[in-house]
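Some notes on the structure that comes next.
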Amino acid sequence: MAGKALKARVSMMFARILVAIDDFGGSQATLDLVKGLATEGTTQVHAVHCRLRELSGYSWYARESRGDASFQAEAAVFDLRMAGLAAGAEVRYAIVDRVAEAILAEALEYGADLIVLGPPRRRELAARLFGSVTQRVVQRAKCPVIIAPRAPGRPQPRLASDPAATGCS
Amino acid sequence: MVLLGRNRWDKQPTSQAAVLLASPGSPFSRAAVRRARELADGQPVAVLSILKIYGSSFGLPNPGLMPTRRERDEQLENVKLAISELERRGCTVDGQIAATRSAGRTIAKVARTRKVSYVVMDTQPATGIRRLIEGEVANNVRRWLRGAAVLELIGDKT
């Protein structure tokens, strides 16, 4: 009960969270982070999955089918709703190399006060050479950005002076 | 053993805090201070600013690579301002300056030592050659944290 109160107090400033989903299997850590940040009944979570489109020859083609893209978004929504959160999702078309812009546009339309991104795919050297979606989003976002860790974190012990941790109110 | 001619460092705070407000050397933005206060919600906040040591000089001691007194005073001023702003808003806060070559690693190390739940950082992403050579401090912090705390980045436009 006290832990729940603390969670509500800590996360009450995040009313609208936008979470960018890459593929459902790889986004589990991101969704877990969102579940930890969001408060049931207060926070609205909006998942966005970018369906990448690429120009090949004279025609555009998408890297994944419409059904696959919908599945990723729906799976994320199902997972979030099972955790008791108000969640919705959208599949958004994005040109390759314009994913950051698509996420930012979605955040602006949704009025997000927090953007949660998954761990960057590119490693250190590749990110230094070519940049990354994460860097671009952080550079241009009008709200705070949280990046999910690659490895699941170890829980930190709570503060001794915290009434919720000690169990007294 | 005390080395002659070398300043003795102050004892660094190790008490537990809820939020670490960190900066790789730039002044703390209002948005970052505000976010740190919101996240702390009455619990202690730790302020950390990095004093940059330039290069490694192949492992040899080189006074030319050490930060100057002016740079140290600048960081002191940054930390003082952040502390006073947080204190004015009713937070329990302490601060420290760390002289280091690897800002990201040191910020993560302090976050682990202080057992914080959140690290709030201002980011001014480097571009071009600087990004290629030095990389992103925020990236390094995230990598070295290894999920021990949630890293919240406050961009220029926040």
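Under a crude label model (7 Å from the Cα following the beta-carbon direction), how far is A:R150 from A:S70 in nanometres?
Once both label points are built, they end up 3.5 nm from each other.
Quick one: compute the contact order of the stretch B:27-76, relative version, from alpha carbon pairs under 8 angstrom and 6+ residues apart, as a percent.
33
Using 0.36 nm times the number of residues separating B:M66 and B:T113, minus their current alpha carbon distance, what extension gain do you get?
Going from the current span to full extension adds 14.4 nm.
Set the Förster distance to 41 Å, then compute FRET efficiency between B:R30 and A:W60 from the Cβ-Cβ distance, nearest 0.05.
Approximately 0.40, to the nearest 0.05.
Label point 7 Å out from B:K80 along Cα-to-Cβ: which residues of the stretch B:36-53 have amide N under 20 Å?
Backbone N within reach: B:46-52.
Over all pairs of distinct alpha carbons, what does the Kirkwood formula give as the hydrodynamic radius of the stretch B:37-158, in Å?
15.7
A short reminder: the numbers here are calculations on the coordinates, not readings from a lab. Computed from a predicted structure; not experimentally measured. Note: ideal-geometry Cβ built from the backbone for every residue, glycine included; neighbour counts use all protein chains shown.
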